[in-house]
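Undergrad: Here you go, one structure.
The values are calculated or read from the model by the stated rules, or taken from the named source; none is laboratory data. Note that the structure is a prediction, hence the values are computed from the model and not measured. Note: ideal-geometry Cβ built from the backbone for every residue, glycine included; neighbour counts use all protein chains shown.
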Amino acid sequence: MVAVVVGRPQAAAIALLLFLGMSGCRERDDLRKVRLWALAPPEVTPLYEEVEPLRFAVALMISPREGFRIYGGLAEHLGSKLNRPVQLILRRTSAEVNDLVRNRQVEAAFLCSYGYIQGRKDFGLEALADPQVRGRIFHPSYIIVPADSEVETLGQLRGRAFAFADPLCRPGEPALPWEKGERPGAFLKRHLVIYGHDRAIKAVAENLVDGAVVDGTVYEQVTLSRPEEIAKTKVIGKSAPYGTPPIAVHPRMDLRLKRELQGAFLAMHQDEKGKRILRTLAVERFVPPAGGSASSMGRKAGGGR
């Protein structure tokens, strides 16, 4: 399967590159997989569409560059298991991805836990598979500060500059100090929205902000890919564990396709290529959602799997 990452503003340049790269190929079977990483809008599109592609959207909790690296391989793996091309659509927020699923513009999505809760409430968004991390399908958000910071407790963040990622992806309880009745603007000196949990981690590591709240699974991913950056941060607080971001689909998705797609995710840990992709995602395996088709995102962790 040949896949290309296409950004609309770069379409002409990509077409030229493809022409130059393929000028020596006489047979279509001679073509190899090609990846051209464009910056925006980030989409992985099949080069040949003999079969209608499955559209898979990801709400990026990380920067687009990291998203290309992590989720491009996942899309290719799904395509090989489903015997059809997979179009990967990366979007900045969970709200954008929810709109794509609601309007049937994508068949499946990977989005944050609270984005799933909102989608389930709005139009019945259905969980297909839950990522299992360290034997559990629940994880906390982390409140982090620079490693050399004098801040040791959440209360000491008063009057500081603090960063959030996707506003829809809020941490679980217990609430941050200002969520107990005081507005963030009154508690904090500045509060910034940084779209991408890895960017928020970087902002803390480089002392651009005094603290941030970040998704626990993203923190684990960055620990694997950029340990030197994590070493410049420290965790001073955690939320209560909540459900890991699920793979979700529209409630009226074709049942046969739904079963095939779920099977592809649930079997990823059974072959070497799938295991490599899971390691990139900092996930052990995908498991069926708690309670069958209805996910456990809205429940507090009682034990995990």
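Undergrad: For region 216-250: of the residues being modelled with pLDDT under 90, in a strand (DSSP E or B) and in contact with an Asp or Glu (Cβ under 9 Å, 6 or more places away or on another chain), which is farthest from P131 (Cα to Cα)?
TA: Y242
Undergrad: What do you reckon, is A129 closer than 20 Å to P241 by Cα and either modelled with pLDDT of 90 or more or in a strand (DSSP E or B) (or both)?
TA: Spelling it out, A129 is indeed closer than 20 Å to P241 by Cα and either modelled with pLDDT of 90 or more or in a strand (DSSP E or B) (or both).
Undergrad: Additional query: In region 94-110, what residues are buried (at least 21 other Cβ atoms within 10 Å of the Cβ) and farther than 11 Å from F56 by Cα?
TA: Answer for region 94-110, where residues must be buried (at least 21 other Cβ atoms within 10 Å of the Cβ) and farther than 11 Å from F56 by Cα: S94, N98.
Undergrad: To continue, here is another question. Kindly indicate whether E260 is assigned to a helix (DSSP H, G or I), among the acidic types (D, E) and free of Cβ contacts under 8 Å to residues at least 40 places away in the same chain.
TA: So E260 fails the test.
Undergrad: So how many residues does region 94-116 have that are modelled with pLDDT under 80 and either more than 15 Å from I247 (Cα to Cα) or outside any helix (DSSP H, G or I) (or both)?
TA: Within region 94-116, residues that are modelled with pLDDT under 80 and either more than 15 Å from I247 (Cα to Cα) or outside any helix (DSSP H, G or I) (or both) number 1.
Undergrad: Now, a different point. Any residue at all in region 56-66 that is farther than 22 Å from Y219 by Cβ and touching a residue at least 60 places away in the same chain (Cβ under 8 Å)?
TA: No, region 56-66 has no match at all.
Undergrad: Moving to a separate point now. Quick check: anything in region 79-86 assigned to a loop (DSSP other than H, G, I, E, B), surrounded by 23 or more Cβ atoms within 10 Å (Cβ to Cβ) and modelled with pLDDT under 80?
TA: Looking through region 79-86, none of the residues is assigned to a loop (DSSP other than H, G, I, E, B), surrounded by 23 or more Cβ atoms within 10 Å (Cβ to Cβ) and modelled with pLDDT under 80.
Undergrad: Quick one: K273 ticks every box in (1) crowded, with 19+ Cβ neighbours inside 10 Å; (2) in a helix (DSSP H, G or I) except a single one, so which number is it?
TA: (1)
Undergrad: Give the residues of region 114-160 that are farther than 26 Å from F56 by Cα, among the aliphatic types (A, V, I, L, M) and under 26 Å from the mean Cα position of the chain (by Cα), sorted by residue number.
TA: Selection gives I143, I144, V145, A147.
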